[in-house]
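Input: a single structure, listed below in C-alpha cells.
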Amino acid sequence: MEYTKLDNPHAHLPKPENWEELKILLYQIAGNTDFLSATHFANRVEKCLSPSDLETIANSSLPRKYIKFESIGNNTYLLKIRDLSTIIYVSQEIRTKQGFHITGECCDKTIEEGLDARKTVELIHRYNGKALLEHPFTLDAVLIQYRLLNFDLDHEKIKLLHELLYMIDGVEVFNSMNTLWMAISNTHAKNFVRNWIKRNGIYVPQLAGGDEHYNPVGKTGNLLPEESLDFLLKATGSEIQEWRWQQYKNGNFKRKEKLTSPLEFAKYMIIPTIRRLIFKEEKDFKTSTKTKVI
C-alpha cells in the first residue's frame, strides 16, 4: 500500500491581512499538504486563523478561475488551486486544568478551556468531534519545559495520562516544534504510549503533528493511503473525516517526522515567548494587534 497523502492534524495558521498574504498561504497549503487542521485557541489568539475567518474566505470573491475554497460541511473545507487540492478542517486546541493540551476536531461547539482533561474529552465527543491528545510530555511555557522532562515522577499526571489514553481517539507522539532539548519529550511520548498499548492490549493511533506557529506547513504529519482525486472532490466533509479516522483506527498510515530547525524554533517560539514576557499586552504568539481577512 502506498502512503502519499499528507495529513497534518496540528497547525496554527496565520491570519492574512490582504489578498497577497492570503494567496501565498493558500498556495503553500495546497502545494504541501493533502489534509490540514486549522487549529485555533477559541478567541484568545487574534493572529490565528479562526473558524469565522475560514467562513469569510469561503464567502469572499476569490478569483474563481483558478482558486476554489468552499465549505463541504462538518467544519471542513475544500481548497483547490488548478490541479492541487487540500482538505482543511477546523480544530480547537484546548488547554485543560491539569496542563494537558487536547485538540477537538470538527466539534459542533467551541469548548471552554481550563476544565478537567477528562471532561474536555467528554465534551469533544458530545459535540461530535475527535479528541487528539497533543504533546503529552510538553505541558508548560516554551522556555521552562526542560524541567518537565522529569514528568514521569509526577504520579498524578501519569495516572491521568493512563485514563486519557482510554478515552481519546489519537495521541500526538511526535511534535515538530519539540526541537532543541524538547525533542526528548517526543521520545518519552513514543515509549510511554507504546508500553501502554502493550500492557492494555488497546490500540491508540500514535500520530505526528506539525504544531506550526505560523511557520510553513508540510514538513511533518501523517501519510495516509493514496486515494483518488474524485474522492476528495466529491465527498462531503463528514465522509472525508470518517475516512481519515478509519485509516488511523486501522493503522493505515505512516508518520512523517521532521523537527523544526533551531532557527525557525527561535523565530516562531522563543522570540514571541520573550516578547510576551516583556510586553504583557501581547496575549499569545506574535502579537495582539488585530488583523483581518479580506
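A few points about this structure:
- Looking only at region 212-254, and only at residues there that are buried (at least 19 other Cβ atoms within 10 Å of the Cβ) and among the charged types (D, E, K, R), the one that is farthest from Ser176 (Cα to Cα): Arg244
- Within the option set Ser37, Ser61, being polar (S, T, N, Q) and part of a loop (DSSP other than H, G, I, E, B) holds for one residue only, Ser61.
- Restricting Thr4, Thr56 to residues that are among the β-branched types (Val, Ile, Thr), over 15 Å from Gly218 (Cα atoms) and in contact (Cβ under 8 Å) with a residue 60 or more places away in the chain narrows the list to Thr56.
- Region 101-124, residues that are aliphatic (A, V, I, L, M) and more than 17 Å from the chain's Cα centre (by Cα): Leu115, Ala117, Leu123
- Among the strands (runs of 3 or more DSSP E) confined to region 150-259, the ones with at least 1 residues that are among the acidic types (Asp, Glu) are located at 170-175.
- Some residue of region 125-136 being surrounded by 19 or more Cβ atoms within 10 Å (Cβ to Cβ) and either at pLDDT below 90 or more than 15 Å from the chain's Cα centre (by Cα) (or both): no
- Among residues of region 99-143, those that are in a loop (DSSP other than H, G, I, E, B) and of a type in the set (Ser, Thr, Tyr), counted: 3
The values are calculated or read from the model by the stated rules, or taken from the named source; none is laboratory data. Predicted, not measured: the structure shown is a model, and the values here were computed from it. Neighbour counts run over all protein chains shown; Cβ positions are idealised from the backbone, glycine included.
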